[in-house]
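Student: Below is one structure. I have some questions about it.
The values are calculated or read from the model by the stated rules, or taken from the named source; none is laboratory data. All of these numbers come straight from a predicted model, not from anything done at the bench. Methodologically, a virtual Cβ is constructed for each residue, glycine included, from the backbone with ideal geometry; neighbour enumeration extends over all protein chains shown.
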């Protein structure tokens, strides 16, 4: 399907932010709350999938890779 381009921390932050936005939308049940809930779906889904279309467009990744010395590094 898609190659993952998000690291573990990035994915965790997106999932957390998505859940918070959806929860705020649920509690504010008005047009702004519905908008927040819908906007919360984007980071939640990209965090679950591990793939961000904007990262892919700009060829950016936050995945950790093993460097030449065996240390973990984030590639850009």
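Student: Enumerate the pairs (first residue in segment 31-52 and in contact (Cβ under 8 Å) with a residue 40 or more places away in the chain; second residue anywhere and surrounded by 14 or more Cβ atoms within 10 Å (Cβ to Cβ) and part of a helix (DSSP H, G or I)) with beta-carbon separation below 6 Å, excluding pairs fewer than 6 apart on the same chain, so at least 6 apart or on different chains.
Tutor: Note: pairs meeting the criteria are 46/14; 47/11; 47/14; 47/15; 50/11; 52/46.
Listed here are the residues, each with its yes/no results for (1) part of a strand (DSSP E or B); (2) loosely packed, with under 15 Cβ neighbours inside 10 Å; (3) within 10 Å of the chain's Cα centre (by Cα).
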{"position": "10", "(1), (2), (3)": "no, no, yes"}
{"position": "15", "(1), (2), (3)": "no, no, yes"}
{"position": "39", "(1), (2), (3)": "no, no, no"}
{"position": "45", "(1), (2), (3)": "no, yes, yes"}
{"position": "48", "(1), (2), (3)": "no, yes, yes"}
{"position": "60", "(1), (2), (3)": "no, yes, no"}
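Student: Residue check: is residue 26 at pLDDT below 95, outside any loop (DSSP other than H, G, I, E, B), loosely packed, with under 13 Cβ neighbours inside 10 Å and more than 8 Å from the chain's Cα centre (by Cα)?
Tutor: When the stated conditions are applied, residue 26 does not pass them.
Student: For residue 21, all conditions in the list (1) at pLDDT 95 or above; (2) surrounded by fewer than 16 Cβ atoms within 10 Å (Cβ to Cβ) hold save one; what is the number of the exception?
Tutor: Among (1) at pLDDT 95 or above; (2) surrounded by fewer than 16 Cβ atoms within 10 Å (Cβ to Cβ), residue 21 violates only (2).
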